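Report on the structure given below.
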Amino acid sequence: MNLTLKIWRQKDSNTKGQMVDYKVNDISEHMSFLEMMDVLNEQLVNSGEEPVAFDHDCREGICGMCSLYINGEAHGPDRGVTTCQLHMRMFNDGDTITIEPWRATAFPVIKDLVVDRTAFERIQQAGGYISVNTSGNTQDANAIPISKEAADEAMDAATCIGCGACVASCKNSSAMLFVGAKVSQYALLPQGQVEATERVLNMVKQMDEEGFGNCTNTGACEVECPKGISLENIARMNREYLKASLKG
Amino acid sequence: MALDSKVPKGPIKDKWTTYKDKINLVNPANKRHIDVIVVGTGLAGGSAAATLAELGYNVKAFAYQDSPRRAHSIAAQGGINAAKNYQGDGDSTYRLFYDTVKGGDYRSREANVYRLAEVSANIIDQCVAQGVPFARDYGGLLDNRSFGGVLVSRTFYAKGQTGQQLLLGAYSAMNRQIARGKIEMYNRHEMLDVVVVDGKARGIIARNLVTGEIERHSAHAVVIASGGYGNVYFLSTNAMGSNATAAWKIHKKGAYFANPCYTQIHPTCIPRSGDYQSKLTLMSESLRNDGRIWVPKHMDDVMAIREGRKKPTDLSEDERDYYLERRYPAFGNLVPRDVASRAAKERCDAGYGVNATGEAVYLDFASAIERYGKEQAKIHNIKDASKAKITELGEKIVEAKYGNLFQMYEKIVDENPYKTPMMIYPATHYTMGGVWVDYNLMTTIPGCYCIGEANFSDHGANRLGASALMQGLADGYFVLPYTIGDYLADDIRTGKISTETKEFDEAEKAVKDRIDFFINNNGTKSVDHFHKRLGKVMWDKVGMARNEQGLKEAMAEIKQIREEFWKEVKVPGGASEMNPELEKAGRVADFLELGELFAKDALMREESCGGHFREESVEESGEQKGEAKRNDQDFAFVAAWEYKGEPADAVLHKEQLEFKDIELKQRSYK
């Protein structure tokens, strides 16, 4: 198929960007979206132009690096996939495809389609861990039975890949699905209880300081999340936060 | 220089304990004055950085991704082995040790493997304490599954995302130390050289991938944890950015590179679909617990399937050739990876491949769905369940076990694997070879360590499933933090290492010169053009089956591609900005050297062992006819190569392997 691409180009964080049109031809429907971008970039390199910078790495939907806003949707029109798993069979010959970076104050553009997501790092550093050293003397892994239900629910929350699609999809640029997932994983497990109060307070405080917006329950994040992280995690975080605030 | 593996004396089961008791330690007050650089933040690097920081060292960690959590360990699916024997099925430290040495086709160092098996149980305890949500059974205890090449269930897992969960565990431990200021994290940075001062590794030169700035970082020791070199094939299951640069740079500064030809071609990957393909996707080996591998028995059925006249589900049981079950009745579909890959290639080379390219076999879940369905009908007391009901119940179980993998397959291939068998084919996955290290995990450069996939030590010529995660975390959490102390104990009075020395000047200049060359070369061909050509030579001549003539040709062809690369490569953009093409150029330049050494190593090793299969070395008669033939008389050694300029001039050093606790045997899975 032959396509027109409208792509956000921006030299660096200090320069103003703009949309630029490109044409790519003979795109196979079996290609992944990023392989289509490879075709464009090879074309640009061969004609002496600078290729389009975009984040990507594992190309199997798990590293969370890829982050394109395609035709107004995070990770494009398919559901339950990252951009690298999106395939060109979702598009038609003659289509015009608009490709933008994640848009959020807390995710400044570094170049073209690459954004800075280190705000997520700082939120995790504020409390996204259990304080246990590597001693070799931790108790036996089976010492505390954990119900299958709790373990499975914790796993569902822990499956978040930290890509930021939730923020990009939210009209308020809220990071509550991301933070809620991490808070939930530990809240559901006995190991996480000891530091639960401090954890939720510190992570939410850091989230607010990074300039993410608030949650108004539109649910757009859940729809666009490539890993199907549920809104329940936001509710659980709110409960944890309330509980922690009351404890002081 | 003679290779000294520094394996401690004494019985194998006491070596590590006795050694730890006698090793030099650095007292807590002195650790504050010692800096350690860790390059790479996957399971090995991430766990090492976190543990070293907990101990009190000042750690600087480097990742080329925008977060340590994105290292490619994250993509490991199936699980992690540990000799816990929770299933009571006869597992033990010795059995894990034995399986790993046998699975590695008797080409690994016994003492290292025993230590790995010994610390394996502790890894699970540590990860559970960190909040890793491993799969559990209804009683709330940890669940296990089985992997290829073993007869017990010792694999712990978190759905099909075990690597992700373990890495997030190590990442959370890192975050705790970053917050305390004990780890300085350098995201979007790439190490471009190691700096050696007075014969010791004392720092690195790194490029800030956002600004293009070249930076100097000093330390008392440097730890390389940068993963494997599978991308030398261009197409592999590795991440797009996975590269050998850090490992290759230390090789060029004096670290020997061991067994580069030991590469794992994983049997269950999604077949390639066209020339535009950028990477291959793995389907976890755990699928072989329930999937049966087959091709049609008759050639006319093969043709009918390729032309779309028949579907795989149209073929009856006796029209199918379950070739692994036929050839290896004892292990069946769970033979080790190298054996399964070669068997698939054998069938496809004979013309039985089931897709248009002729390079695909089926992985079929119909039997498992029926078996689970009947079991569920019984559990739920459904009498005379219809076939549809049984299928429905069975599919639910299969979904619970492998749901995310099935979904991934469907998204890529656009076929429903619950209803029609998956198509799979082998692809480059893991490199057992790597930087040579001694028992302390130190390379031949004093003060330079190498851990995880980047080193060579534990998997011999073939790695068993679910052992990579085990090794990465064993090295990082439990081995290196001890052994590095023995070296650093001599550095307590050294003080801060200066970066204003001629060694740093020279290393930085070499890095800058190379970058300037790429930017100013203005050639005619893209970096990918050369990478793809290299990959094709590697796959065709240094792939699943190798022979003398092909390997000689490969060496010559790679050299020629390399020479052309340095004349014709074109890198747009500038040096002082984010420039992904420039990053790729540096990595491919290193692959073009490594590839030639790889072929040279494969040419030298005139035997078949593990992932290395020489067509000249096969069993010619008896029950094992046609199987790989090892030559213990002449090749029971580690091949460690010393850099001498051109890869073809590399000098071979041999570390003879001694097997005191395991008898060397033909590896039979029949």
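In terms of its C-alpha gyration tensor, the stretch B:1-117 has an oblate overall shape, because the principal axis ratio a/c (a ≥ b ≥ c, square roots of the eigenvalues) is not below 1.5 and a/b does not outweigh b/c. You can think of it this way: the chain between B:Leu652 and B:Asp634 has 5.0 nm of extra reach, that is 0.36 nm per residue less the Cα-Cα gap. For the stretch A:204-248, the extents of the C-alpha atoms along the principal axes are 35, 22, 18 Å, listed from largest to smallest. Once both axes come from the Cα atoms, what is the angle between helix B:162-179 and the longest principal axis of chain B, in degrees from 0 to 90, rounded to 10? Long axis of B:162-179 versus the principal axis of chain B: about 30 degrees.
For the pair B:Leu151 and B:Lys311, the difference between a 0.36 nm per residue extended length and the Cα-Cα distance amounts to 54.2 nm. Note on B:Gln624 and B:Asp318: the model spin-label points, each 7 Å out from Cα along the C-beta direction, lie 3.5 nm apart.
Start at zero, step by 10 Å, and the Cα-Cα distances of the stretch B:502-635 spread as 12, 32, 24, 18, 10, 4, 0 percent across the bins.
Straight-line cross-link reach from A:Lys23 at under 26 Å between alpha-carbon atoms covers these lysines, not counting any fewer than eight positions away in the same chain: A:Lys6, A:Lys11, A:Lys111, B:Lys279, B:Lys411, B:Lys525, B:Lys532, B:Lys570, B:Lys584. Let me see the pair-distance distribution of the stretch B:98-174: every alpha carbon pair, 5 Å bin width, integer percents in order. Values per bin, smallest distances first: 3, 13, 19, 22, 19, 15, 7, 1, 0.
Among the listed pairs B:Lys629/B:Lys660; B:Lys102/B:Lys159; B:Lys159/B:Lys378; B:Lys297/B:Lys374; B:Lys9/B:Lys496, which are separated by more than 30 Å between their Cα atoms? Checking Cα-Cα distances, B:Lys9/B:Lys496 exceed 30 Å. Over the stretch B:64-130, the Kirkwood radius and the radius of gyration, each from Cα atoms, give a ratio Rg/Rh of 1.06.
Radius of gyration over Kirkwood radius for the protein assembly as shown, both on Cα atoms: the Rg/Rh ratio is 0.94.
Which value in Å does the Kirkwood hydrodynamic radius of the stretch B:269-428 take, with 1/r averaged over all unlike C-alpha pairs and then inverted? This gives a value of 16.4 Å. Legend: calculated FRET efficiency, A:Ser13 to A:Ser131, from the Cβ-Cβ distance at R0 = 45 Å, rounded to 0.05, equals 0.80. Set the Cα radius of gyration of chain A against 2.2 N^0.38 Å, with N its number of residues, and you get 1.14.
Working value for the stretch B:574-664: equivalent-ellipsoid semi-axes of 37, 17, 13 Å, each the square root of 5 times a Cα gyration tensor eigenvalue, largest first. Divide the volume of the convex hull around the Cα atoms of the stretch B:198-255 by the residue count and you get 104 Å³ per residue. For the stretch A:3-111, the equivalent ellipsoid derived from the Cα gyration tensor has semi-axes of 20, 18, 13 Å, listed largest first.
P(r) tail, the stretch B:365-517: Cα-Cα pairs separated by more than 20 Å, 72% of all pairs.
The C-alpha atoms of chain B define a longest principal axis, and helix B:580-604 lies at about 70 degrees to it. Summarising the label geometry, the points placed 7 Å from Cα in the beta-carbon direction at B:Asp490 and B:Asp4 lie 1.0 nm from one another. Would you be so kind as to identify which of B:Met470, B:Asn259, B:Gly586 lies farthest towards the positive end of the dipole of chain B, taking Lys and Arg as +1 and Asp and Glu as -1 on Cβ and the Cα centre as origin? Working it through, the farthest residue towards the positive pole turns out to be B:Met470. For chain B, the Cα-based Rg and Dmax, in that order, read 24.7, 83 Å. Computed from Cα atoms, the angle from the helix B:548-568 axis to the main principal axis of chain B rounds to 50 degrees.
Note down the nm distance, to one decimal, between modelled labels 7 Å out along Cα→Cβ at A:Lys23 and at B:Arg326. A separation of 5.3 nm, rounded to one decimal place.
Each value in this text was obtained by applying a stated rule to the coordinates, not by laboratory testing. It should be emphasised that the depicted structure is a prediction, and the values quoted were computed from it without experimental measurement. Cβ coordinates were reconstructed from backbone atoms using ideal geometry, including for glycine residues, and neighbour counts include every protein chain displayed.
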